[in-house]
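Student: Here it is, the structure in full.
The values are calculated or read from the model by the stated rules, or taken from the named source; none is laboratory data. Quick caveat, the model's predicted, so the values are computed rather than measured. Note: ideal-geometry Cβ built from the backbone for every residue, glycine included; neighbour counts use all protein chains shown. Please note that ligands, DNA and RNA were not included when accessible areas were found on the heavy atoms of the full protein model with its side chains. Shrake-Rupley method; radii C 1.70, N 1.55, O 1.52, S 1.80 Å.
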Amino acid sequence: MMLLQEAGAHPLSGTVASYVWLLPLLPLLGFVLNGLLSLVAAVRLGPVDPGASHADARAPGAHDANGGGVHGDDHHPVARHRYAALTSLIGPGMLVLSFLLATAIFLAMRAAGAHEPFVQRYFSWMPVGDLQIDAAFQLDQLSILMVMIITGVGTLIHIFSVGYMVDDPGYPRYFAYLNLFVFFMLVLVLGASYPLMFVGWEGVGLCSYLLIGFWFSEKANADAGKKAFIVNRIGDFGFLIAMFMLFANVGKLDFIGVNAAAASLPFAGVVVTTICLFLFLGCAGKSAQIPLYVWLPDAMAGPTPVSALIHAATMVAAGVYLIARSNVLFAMAPTAGLVVVLVGAVTAIFAASIGLKQWDIKKVLAYSTVSQLGYMFMGVGTGAYAAGVFHLMTHAFFKALLFLGSGSVIYAMHAAYHHTGNHDDAQDMRNMGGLKAFLPITWVLMWIATLAISGIPPFAGFFSKDAILGAVHSHHEGSTLDSATLLGIPGGAILMLSYVLGLAAAFMTAVYMTRMMLYTFHGPNRSGEKEREHLREAPWSMTGPLVVLGALSAFGGWFNLPALLPLGPIGALDRWLDPVVGESTLRITNGVAVETPASTEWLLVGIAVAIAAAGIALAFARLKPASLVPKKDAPAEHGFERVLANKYFVDEAYDAVIVEPVLATSRGLLWRGLDVGIIDGITRLFIQSKDDDSAPGTTVPMGGLLPRAIGWMGSQLQSGLVGTYAWVLVVGVLFVLGAFTFR
Amino acid sequence: MLAESLFFSAVLFTIGVVGVLTRRNAIIIFMCVELMLNAVNLTFIAFAQVYGVAGQIFVFFVMTVAAAEAAVGLAIIIALFRHRQTVNLSNINLLKG
Amino acid sequence: MTHNELPLFYVFNFYLFGLVAIVSALAFVTRRSPVAAAMWLVSVMFSLAAMYVMLDAQFIGTMQVLVYAGAIMVVFLFVIMLLNLGHASELADARGLWWKLAGGGASLALLAQIFAVTRAKLPEAFLLPENTIANQVTRDGAIAPLAGPLFHEYLLAFEVTSVLLLAAVVGAVVLGKRKERAHAR
C-alpha cells in the first residue's frame, strides 16, 4: 500500500510510464506466439536451394574438430518453416513495439525530470513473515537506459536474424527463444528487488543455454550450452548467498529499501564487503570474468546473432548492471571495489592476449568481449559507475556491429561453400582473406567498429574507454579505494597497476582487432577459385541493421562527451545517471568532485590514443596476410604462440583440477566402492540372484529369507477387509494423540 | 458451556468409534460414521459461541457434505448388495489387490 | 428468548439433552436390528438439535432436524427396508466378545486421550465478548447472523457446495442404476 501511495504522488504516474509492464510482456507475447508456431513441425523447402537434400548440408565432415572441440559452424539445412513469414513479422515486430514504448517512456521521464525512482507495484509476490517481496518494476534513469539499449540493439539484431536464420527449420523456435530472452532481460533490469532481478538473471541464463545449444544435434553445441549453464550456477550461488546475507543483515531485498537501510551497516565492514564480494561472484559468472569466463568463448556455438545479442551486447553486461544497481553497497565496501577493479583489469589483459592468436573469427570477438567486460568492471569497481555503464552502451553498439558483421562474413562464406559443396570451416580466418572486394559495406562498417573498440577518436569506444581509464587513474589518490588495502597492498598501488594493465590491454585490443580485419578482409583471397564466384554481400535486411549500428559506433561518444572535447553537450549521460549513482561516486571520492588538471588529462588521452595507434600500426607492419595459408595447410604453432592459441590451457587445467577428480571419485569411490561394494554386498547376503555374475556358484545360507519374511508381514496388512483398516486407523490415531498428550 | 459440549462431543465420538470397530454391517457402520460427524458438529457449534459464527457455517457445510456422502454411500451399498447379496463387511474384501 | 435471558433453563436443558444423546447413542451401537439402531440414531440427532439451540445456534438446530433426522435418516431407513436386512444371518453381525472388549478398550484409550487434548489452553486473542452470538440473535433474529457471512465471505464455498451436491446426485444415480447387460441376462 505504501508503495502505491508513493507511486500516486510521483510525477510519472498517469503518464505513459505506467505502461511499463507492457515492455517485457510484448516480447513474452512474441515468445508465446512463436513458440506455438514452432510446435507446427511442418517445413517446406526454401526457395534458395530447392533440390538440396538435408543430408548434404549435414554430411559428416562438414564440421572439423576445432581446437577446443567446440565450434559454432553455422551449417544448417535449407528447409524453410511453413510459417516463417509469420514468425518474421512477430519476432522483430514485438521488439519494435517494445522499443517504441521504451522511447516514449524515456521521453516522458526526460520531460518529468523526476529524480526519485518510479516504482510500479503489481502484486505481493512473497509475503513471508518479515520478508515482503512485491512483483514490482522500478523505472529510474539506469533501468530505462538499459531498456533502451536492450530493445534498441535487440531490435536491430532481431531484424538481422530474419535474413540470417530464415532458412533454418527451427526458425520459429529460434525467435521464440530470442523473444523470451528479451523478456527475461527486461525483467532483470526493470525488477525493483533483488529476487525479481534474480528471476530475470536465471531466465536469461536459461535462454542463453537454449540458444547456445540451438543446433543441439551436434554434441559439441549441446555441451557448450551445458558448460555455460553449469559455470553460471557457480556465479548464481554467489548471488543467492549475497541475497541471503542482505536479508539477514538489512531485512530488505527491494532496491529502495536496501539502499536506505545499507547506511546502517558499518562502513567497509566485513558484512558489506562479503555481500559485495558474493554479488561480484555472481557478476563474474554472468559477465565472464576470471575465473568463470571459460563458458563465453564456447558459447559461440550458438547462431551468430545470438552471440551478438546475448553474449556481447546485453546479457553478459548484466553483471555490470548489477554492480551499478548496487552502487550504494559497493560505495561502502572499498576493498570489494578493489577486487572488482583488479579482476577486471587482469581479465581484460588476459583475454586480450588470448585473442591475439585465435583463428576462428567469432573466437576473436568472444575473447574481445571478455576483455571489454573487464574494462567495464574496472569502471564500476572504481566507482565511476556512469563511465562503466557508458562503456556498456558503446560496447553494445560496436560489439553487436562486429558480431553481426562477422555473421555477414560467415553467411557469405557459408553460402559460397554450400554452392560448391566445400566442407571447410567457414569461420576460420585462414580460409578468408581479401573479402573487402566482395563485402564492401561490411568491410567499411567493421573498420568503424574496429577503430571504435581500439579507442581511436572520435569513435564511440574512445570516449568510454578513456572515461574508465581516466577514472581509474584519478581515483588512485584521495579516494576511499586509495585508503583501503587488499591483502596488505595499498589500494592506490592496485589502481595504478590496473591502469597500466588496462593500457596494455588497449594495446593488445588494437593489435588483435587489426589482425582480424587484415586476415579477413585484406590480402589475397584464400577461399578457393570456385567459391570466390559465390561470395556476395548479404541482403539489405542484414546490412541495414549493420549501417545503423555503424552510425551508433561512430557517433555514440556524443552521448557523453568529456569536458576536454567540447564538441556538443558535455557529460549528458553522467548527468542523466547522476540521480542513481552520483552520491555513491561522490562517496568514493570522499565528497570531492574530481577535477583533474587539463594538462594531465590531455596527457592521459594522448597516451591512450598513442597506444591504440601504435597497436594498429604494429599489426599493419608485422602481419602479412599474403603469407597466410588456408587452414588445412597451416603449420602447427610453437612456444608461447601455442600457449595463446590454446587459451593458456585453462580448460585443460579446469578439467584436470575439478572435472577429473569428481569423475574419479564418482567412479572409484561412489560407484565401485559404495554402490557395488557395500550396498550390493549387503544385498547379496540375503538375496541370491540367479544372474549374479559377481559371485557365481556360491550359496548363501540365509538366501532370500529376510526379504520373504518382510514381504509376508506386509501382505498380511493388506487383507482387503475394511474393518481391519479401521482398526489400523484407530491405533494410528491413538499414537498421534499420544504424541500430543505425552509430549 | 464449552467444556460440557466438548465432553459430550468426545463421548459421542467415541461411541461412534466403538460402533465402527465392533460392527460388521455396512449400514450400521455407515450410521456410526454419521454419529461421529455429528459429534464433531457439536464441537463446532460450541466453539462458534465463543469464537464467532464461522463455526456454525462450517457445520452447515458439513451437513451438506454428509448429505452428499449419504447419497453416494448408500448407492454403493445397494450396488454391493446387488452384487454380493450381503452387506456384511467380513465377506467383502474387494480392496485386496 | 436466548440463553442470556433464561440462563438456568438453557443450562438444564443442555445437560438433559446431552444425557439423552449419550444414552441413545449407546442404545444405537448395541442394537442388532438395523431398523432399531436407526431409530436410536434419530433420537441422538434430535437431542443434538436441541443442544444446538441451547448453544444459540437455532438455525443449525432446525437444519439438524430437517436434514439429518428428516432426510438423511429416512434415506437410511429406506435402504435398510429396501434391502430387507431383517433376517437372521444379517442380524448376527456383531463380532465376538474379544473383539468387543478390544474395541471398548481402544475406545476408552481414545476417549482419555481426547479429554487430555481438549484440556489444552485455548487461544484467547480471538475470544468474543460474552453472549455476543446470543445478543446478535436477539437483535437480528436467528438467521441473519449466519446469512451475512454465508453469502459474503463464504459465497464461493457455498456455490461450490452446489457442484458437490450435483456430483453426488449423478454419482448416486449411476451407482444405483441396474446394469442394462445384467438385466438382459
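Student: Can you give the mean number of other chain Cβ atoms that lie within 10 Å of the Cβ atoms in peptide C:32-42? Write out the running numbers ahead of the final one.
Tutor: Numbers: counts 3, 2, 7, 0, 0, 7, 3, 0, 2, 7, 0.
For this peptide, the per-residue mean of nearby foreign Cβ atoms is 3.
Student: Something else about it: When the Kirkwood radius is taken over all Cα pairs of the protein assembly as shown, what Stokes-Einstein diffusion coefficient follows at 4 °C and 1.567 mPa s, in µm²/s? Display every interim value, and only then the final one.
Tutor: Values: Rh = 34.9 Å.
Approximately 37 µm²/s, per Stokes-Einstein.
Student: Moving on. Applying a 10 Å radius around every beta-carbon, put A:620-633, B:58-71, A:655-668 in order of their mean neighbour count, most first.
Tutor: Result, highest mean Cβ count within 10 Å first: B:58-71, A:620-633, A:655-668.
Student: Output the 0 to 90 degree angle, nearest 10, between the alpha-carbon long axis of helix B:26-51 and the longest principal axis computed from the alpha carbons of chain B.
Tutor: Here the helix axis deviates by roughly 10 degrees.
Student: Quick one: which residues, 5+ away or cross-chain, put their amide H under 5 Å from the amide H of A:L139? H built at 1.01 Å from N.
Tutor: The answer is A:F118, A:V119, A:Q120.
Student: Put A:W443, C:W98 in order of accessible area, largest first, 1.4 Å probe: what do you get?
Tutor: On the way: A:W443 70, C:W98 200 Å².
Largest accessible area first, the residues go C:W98, A:W443.
Student: For region C:8-94, compute Rh as the Kirkwood radius over C-alpha pairs and then the Stokes-Einstein diffusion coefficient at 37 °C and 0.692 mPa s; write the answer in µm²/s, rounded to an integer.
Tutor: 238 µm²/s
Student: Holding the Cα-Cα limit at 27 Å, pick out from A:K226/A:K530; A:K286/A:K399; A:K252/A:K399; A:K436/A:K624 the pairs that are longer than that.
Tutor: Working: A:K226/A:K530 38 Å; A:K286/A:K399 17 Å; A:K252/A:K399 37 Å; A:K436/A:K624 16 Å.
Flagged as over cut-off: A:K226/A:K530; A:K252/A:K399.
Student: Given the C-alpha centroids of region A:636-682 and region A:216-236, what is the distance between them in whole angstrom?
Tutor: Between the Cα centres of region A:636-682 and region A:216-236 lies a distance of 17 Å.
Student: Give me a single rounded figure for A:712-724: the average over its residues of other chain Cβ atoms within 10 Å of their Cβ.
Tutor: Details: counts 0, 0, 0, 2, 0, 0, 4, 3, 6, 9, 10, 11, 4.
Mean shielding by partner chains, rounded to a whole number: 4.
Student: OK, next. In whole percent, how big is the carbon plus sulfur part of the accessible area of region B:2-89, probe 1.4 Å, protein atoms only? Intermediate results must be reported in sequence, preceding the final value.
Tutor: On the way: 1920 of 2500 Å².
C and S atoms contribute 77 percent here.
Student: Near A:K631, which lysines are there with a Cα under 16 Å away, not counting those fewer than 8 places off in the same chain?
Tutor: Output for A:K631: A:K357, A:K362, A:K363.
Student: Also: In Å, the Kirkwood hydrodynamic radius of region A:255-393 over pairs of distinct alpha carbons?
Tutor: Details: mean 1/r = 0.0662 Å⁻¹.
Computed over Cα pairs of region A:255-393, the Kirkwood hydrodynamic radius comes out at 15.1 Å.
Student: Let me ask another. With chain C treated as a Gaussian network of Cα nodes joined by springs under 10 Å, which of C:V117, C:V20, C:V65 yields the largest mean-square fluctuation?
Tutor: The residue with the greatest mean-square fluctuation here is C:V117.
Student: Give me, ordered by chain and number, the residues 5 or more places off A:I133 or on other chains with an amide H under 5 Å from its own placed amide H.
Tutor: Amide H neighbours of A:I133, under 5 Å, 5+ apart: A:W125, A:M126, A:V128.
Student: Quick check on packing: order A:612-618, C:28-34 by the mean number of other C-beta atoms within 10 Å, highest mean leading. Don't jump to the answer; show the numbers that get you there.
Tutor: Details: A:612-618: 18.1, C:28-34: 19.9.
So the peptides A:612-618, C:28-34, ranked by packing, come out C:28-34, A:612-618.
Student: Right, something else. Can you give the average number of partner chain beta-carbon atoms within 10 Å of each beta-carbon in peptide C:143-151, as a whole number?
Tutor: Per residue, the average neighbour count from other chains is 3.
Student: Where a ≥ b ≥ c are the square roots of the eigenvalues of the C-alpha gyration tensor, would you call chain C rounded, which needs a/c under 1.5, or, failing that, prolate if a/b is larger than b/c, or oblate? Write down the numbers at each step before the final one.
Tutor: Working: a/c = 2.08, a/b = 1.35, b/c = 1.54.
Because a/c hits 1.5 or more and a/b fails to exceed b/c, chain C counts as oblate.
Student: I would also like to ask the following. For region A:246-283, run through the chymotrypsin sites (Phe, Trp or Tyr not before Pro) and keep only the ones in DSSP coil with at most 16 other Cβ atoms within 10 Å of their Cβ.
Tutor: Working: sites: A:F247, A:F255, A:F267, A:F278, A:F280; in loops: A:F267.
Here the chymotrypsin sites (Phe, Trp or Tyr not before Pro) that fit, given the DSSP loop and packing criteria, are A:F267.
Student: Can you give the accessible area buried between chains B and A, summed over both chains, with a 1.4 Å probe, in Å² to the nearest 100?
Tutor: On the way: alone 6950 and 30060 Å², together 36250 Å².
Approximately 700 Å², summed over both chains.
Student: Rounded, prolate or oblate: which one fits region A:238-296, using the alpha carbon gyration tensor with axes a ≥ b ≥ c (rounded when a/c is under 1.5, else prolate when a/b beats b/c, else oblate)?
Tutor: Values: a/c = 2.83, a/b = 2.10, b/c = 1.34.
It comes out prolate by the Cα gyration axes.
Student: Would you mind checking which residues have amide H under 5 Å from A:S193's amide H? H placed 1.01 Å from N; only 5 or more apart, or other chain.
Tutor: Distant-sequence amide H within range of A:S193: A:F255.
Student: Here's a follow-up. Which whole-number value in Å² is the accessible area per residue of chain A, probe 1.4 Å?
Tutor: Details: 29310 Å² over 743 residues.
Heavy-atom accessible area per residue stands at 39 Å².
Student: Which lysines have a Cα less than 16 Å from the Cα of A:K219, not counting those fewer than 8 places away in the same chain?
Tutor: Filter leaves A:K227.
Student: What part of the accessible area of region C:8-94, given as a whole %, is carbon or sulfur when the probe is 1.4 angstrom?
Tutor: Values: 2940 of 3630 Å².
Answer for region C:8-94: carbon and sulfur cover 81 percent of the accessible area.
Student: Which helices, counted as full DSSP H runs in chain C, have an axial Cα extent of no less than 20 Å and a Kyte-Doolittle average of 0.0 or above? Walk me through the numbers before you get to the answer.
Tutor: Working: long enough: C:7-30 (35 Å, 1.93); C:34-54 (30 Å, 1.83); C:97-118 (31 Å, 1.25); C:155-176 (32 Å, 2.37).
Span-like helices, by this rule, are C:7-30, C:34-54, C:97-118, C:155-176.
Student: Further question: In region B:24-97, which trypsin sites (Lys or Arg not before Pro) are in a loop and have at most 15 other Cβ atoms within 10 Å, using DSSP for the loop call? Show your work: numbers first, answer last.
Tutor: Working: sites: B:R24, B:R82, B:R84, B:K96; in loops: B:R24, B:K96.
Sparse-neighbourhood loop trypsin sites (Lys or Arg not before Pro): B:K96.
Student: How many percent of the alpha carbon pairs in region B:2-89 exceed a separation of 22 Å?
Tutor: Numbers: 1426 of 3828 pairs.
Cα-Cα pairs of region B:2-89 separated by over 22 Å account for 37 percent.
Student: Counting protein heavy atoms only and a 1.4 angstrom probe, how many square angstrom of accessible surface do chains B and C bury in total, to the nearest 100? Don't jump to the answer; show the numbers that get you there.
Tutor: On the way: alone 6950 and 14420 Å², together 14700 Å².
That pair of chains buries around 6700 Å² in total.
Student: Hey, another quick one. So if I take the alpha carbon set of region A:515-575, get Rg, then get Rh from the Kirkwood formula, what is the Rg over Rh ratio? Display every interim value, and only then the final one.
Tutor: Numbers: Rg = 18.9 Å, Rh = 15.3 Å.
On the Cα set of region A:515-575, Rg over Rh gives 1.24.
Student: A further question follows. For region A:595-614 and region A:369-388, what is the separation of their Cα centres, given in Å?
Tutor: 19 Å
Student: Distance between Cα centroids, region B:53-97 to region A:484-502: provide it in whole Å.
Tutor: First find each Cα centre; the distance between them is then 80 Å.
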